[in-house]
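I have placed the structure first, in the form of structure tokens, so that the comments after it can refer back to it.
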Amino acid sequence: MRSVALIAIAAIGCAEPDGGRRFAVRDSAGVEIVESRAPSGPADAAWSVDEAPSLEIGVENGPPEYLFSRVEGALRLPDGRTAVADGGSREIRFFDRDGRFLSASGRRGGAPGEYREIIAMGYGPGDSIWVFDYGNRRFTVLTGDGEVARTLTLDPTLANVSAVGRLADGSFVVREFWSAAGSDAAVIQLGLERDPAAVARYAPDGARMDTIGLFLGRE
């Protein structure tokens, strides 16, 4: 399967149609809430995504390290390398700034450094990265060389959970969501439902710290 890694940043600028303020401040139960209506910069300074990718990795046929199945994330590291999470092989593959393969970390399994179902990855401190394994309900922090630095395992009884990101203090933010519909028949009878999803923070040792908020989840 052909996979392309695009690394770009886009920002769209727009002005208020009525020429009014770009933000509004209101108070709700003693809590100040700021609503941003438009970017603060001028519209002619907006960024856009280039049509040509800055880096292309992957082939339709060729060496296995360039073949991907379900790319779950790609990160440009501070030294110019690129890390790609491949859900099919359960590997984190590292490529140089020109897209040449360097090394791979991970495989299928439940031990540290192994994954059952990779669904997300993100930046850690320095050149480290974190990988979230839905199958093991576990965050794995890797060094820039792909070595396991530490792991954080969540409560295995959580029905559905997905990674949101990592905070500067080393804690992780996750989204926990549920479905009240017990079967397809119930969905047909009751129609679409939108159950709540909790966004929670977990300490580096895996202990739940607090609930950030409760929001509407998927339909």
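The condition of being modelled with pLDDT of 95 or more and either surrounded by 11 or more Cβ atoms within 10 Å (Cβ to Cβ) or under 30 Å from residue 126 (Cβ atoms) (or both) holds for residue 90. Close contacts from the stretch 56-71, counting a first residue that is farther than 13 Å from residue 94 by Cα and open to solvent by less than 70 Å² (accessible area, probe 1.4 Å) and a second that is hydroxyl-bearing (Ser, Thr, Tyr) and not in a loop (DSSP other than H, G, I, E, B), with Cβ to Cβ under 7 Å and a gap of 6+ residues or different chains, come to 59/66. Taken as a whole, the stretch 176-183 holds no residue that is closer than 18 Å to residue 202 by Cβ, aliphatic (A, V, I, L, M), at pLDDT below 95 and open to solvent by 40 Å² or more (accessible area, probe 1.4 Å). Could you tell me whether residue 153 is more than 15 Å from the chain's Cα centre (by Cα), over 19 Å from residue 104 (Cβ atoms), modelled with pLDDT of 90 or more and not basic (Lys, Arg)? Considered against the rule, which asks whether it is more than 15 Å from the chain's Cα centre (by Cα), over 19 Å from residue 104 (Cβ atoms), modelled with pLDDT of 90 or more and not basic (Lys, Arg), residue 153 comes out as yes.
Scanning the stretch 190-219 for residues that are in contact (Cβ under 8 Å) with a residue 40 or more places away in the chain, closer than 10 Å to residue 171 by Cα and not small (Gly, Ala, Ser) yields 202, 204, 205, 208.
In the stretch 5-20 there is no residue matching the filter, namely being at pLDDT 50 or above, open to solvent by 70 Å² or more (accessible area, probe 1.4 Å) and either in contact with a His (Cβ under 9 Å, 6 or more places away or on another chain) or not aliphatic (A, V, I, L, M) (or both). Of all residues in the stretch 82-109, those being of a type in the set (Phe, Trp, Tyr) and either under 17 Å from residue 54 (Cβ atoms) or within 16 Å of the chain's Cα centre (by Cα) (or both) number 1. Among the numbered conditions (1) under 15 Å from residue 71 (Cβ atoms); (2) within 14 Å of the chain's Cα centre (by Cα); (3) open to solvent by less than 20 Å² (accessible area, probe 1.4 Å), the only one that residue 115 does not meet is (2). State yes or no: is residue 117 under 15 Å from residue 140 (Cα atoms) and touching a helix residue (DSSP H, G or I) at 6+ places or on another chain (Cβ under 9 Å)? So residue 117 does not fit the description; no.
When residues in the stretch 157-175 are screened for being modelled with pLDDT of 80 or more and open to solvent by 60 Å² or more (accessible area, probe 1.4 Å), 6 of them pass. What is the residue count in the stretch 21-48 for residues that are surrounded by 11 or more Cβ atoms within 10 Å (Cβ to Cβ) and either at pLDDT 75 or above or among the aliphatic types (A, V, I, L, M) (or both)? Here the count works out to 5.
Taken over the stretch 118-150, the criterion of being surrounded by fewer than 19 Cβ atoms within 10 Å (Cβ to Cβ), within 17 Å of the chain's Cα centre (by Cα) and outside any loop (DSSP other than H, G, I, E, B) is satisfied by 119, 120, 122, 123.
For residue 102, indicate whether it is farther than 22 Å from residue 136 by Cβ and touching a residue at least 40 places away in the same chain (Cβ under 8 Å). Against the criterion (farther than 22 Å from residue 136 by Cβ and touching a residue at least 40 places away in the same chain (Cβ under 8 Å)), residue 102 does not qualify. A search for C-beta distances below 7 Å between a residue of the stretch 155-172 that is closer than 14 Å to residue 208 by Cβ and any residue that is open to solvent by 50 Å² or more (accessible area, probe 1.4 Å) and modelled with pLDDT under 90, counting only pairs 6+ apart in sequence or on different chains, returns 171/204.
The values are calculated or read from the model by the stated rules, or taken from the named source; none is laboratory data. Just so it is clear, the structure is predicted and the values come from calculations on it, not from any experiment. Positions of Cβ are backbone-derived with ideal geometry, glycine not excepted, and every protein chain shown enters the neighbour counts. Heads up: the accessible areas ignore ligands, DNA and RNA and are worked out on the full protein's heavy atoms, side chains in. Shrake-Rupley method; radii C 1.70, N 1.55, O 1.52, S 1.80 Å.
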